[in-house]
1. Choose one answer from 114, 245, 65: the residue with the largest mean-square fluctuation in a GNM of the chain with alpha-carbon springs under 10 Å.
2. Got the relative contact order for the chain handy, in percent, Cα pairs under 8 Å and 6 or more residues apart?
3. Using Cα springs under 10 Å in a Gaussian network model of the chain, which residue among 33, 112, 127 shows the largest mean-square fluctuation?
4. Which order do the peptides 168-179, 195-206 come out in when sorted by mean C-beta neighbours inside 10 angstrom, highest first?
5. Per-residue counts of other Cβ atoms within 10 Å, averaged by peptide: what ranking do you get for 44-51, 134-141, highest first?
6. Say we join alpha carbon atoms closer than 10 Å with springs in a Gaussian network model of the chain; which of 117, 190, 274 then has the biggest fluctuation?
7. For segment 214-256, just the Cα set please: Rg and Dmax, both in angstrom.
8. Does the chain classify as rounded, prolate or oblate by the C-alpha gyration tensor (a ≥ b ≥ c root eigenvalues; a/c under 1.5 gives rounded; else a/b over b/c gives prolate, otherwise oblate)?
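Here, each number is a calculation from the coordinates, and none is a lab measurement. Bear in mind the structure is a predicted one, so any value in this text is a computation, not a measurement. In this analysis, Cβ positions are derived from the backbone assuming ideal geometry, glycine residues included, and neighbour counts consider all displayed protein chains.
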C-alpha cells in the first residue's frame, strides 16, 4: 500500500509539475515540498515498523545522489533547477523497485534515470519540432544550413558507403559468411542513412536553439524568471537582478528558453512501470 502511495505521489506530483512547466516555464516549490512531505511520512513509518533507520538513510542517499546528478546537469546548462529537484524527490520517494513493478535489471533509480533520457530524447525532438513549426525562421535557417553542408554530406556519405562495403566484405571473408552483393549494399546503406539522419538532427537542434529559443524583447517586458542569453545556466533572473537591469539603461535584452523538460519525468515513470528497463526494451525491439 505504501509503495503504491509513493509511486502515485511521484507520478501525480511530477505530472502537475510538468503541467506548470509547460504553461509557465517554472515548477512551484510547493509541489516539491508536498512530494517530500509525503515521502518523509512513508519513510518514517517504514523505519518505525522495521525498527531501523535504514529506510530513511536509503531514501536520503538516493535522493542526494540524484540531486547531485541533476545539479551537474543544471551547471552544464542542460537542465533547469526544478528538473534537478524533481529528479531528487522522485528518488527519495522511490529508492528501490516497488514490489508491484516488473523486475528490473538495474536498481530502480538507475533504470528510471536511464529511462528519463530515453523518453526525453524523442520528447525533446517533438518539442523542438513544435517550436520550429511556430517559427518559420527556424526551418529557413535549417534548410540554409543543410544546403551549405550538402557537398560535405554527399562526399562523406560516399566515403562511409565505401568503408562499410569494405568492412562487410572483410568480415564476410574472415568469418566465412555467405553474403550476396545485394545484402552487402543493404547492410552498408543503413549506417550511412543513420549517420546522415543524426547529422540532420544535430543541425535542426542547432537551428532551434539559435533562433527558436532566443528572442529580443524590450527591457520593459522582461520579467522575473526569464533567462538571459548570456546565462550559462537555465536559471531565471531574480527580482533584484530585474531591477538592476532596468536601472542599467538598456532598452532591449535577448532572452532564451530551453526545452521544458518537466513532462519527461512522469512519462519516464509510466514507461518504467509498463516496460521496465529502457535499454532492454530497445534491444528487444531492435532484435
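1. Of 114, 245, 65, the most mobile in the Gaussian network model is 245.
2. Working: 314 pairs, mean separation 75.8, N = 287.
Averaging sequence separation for qualifying contacts and normalising by length gives 26 percent for the chain.
3. The residue with the greatest mean-square fluctuation here is 33.
4. Working: 168-179: 11.2, 195-206: 14.2.
Descending mean neighbour count gives 195-206, 168-179.
5. Working: 44-51: 11.9, 134-141: 14.8.
Packing proxy ranking, top to bottom: 134-141, 44-51.
6. Among 117, 190, 274, the largest GNM mean-square fluctuation belongs to 190.
7. Final numbers for Rg and Dmax: 9.3, 25 Å.
8. Working: a/c = 2.97, a/b = 1.19, b/c = 2.51.
Oblate shape, in that a/c is at least 1.5 and b/c is the bigger or equal ratio.
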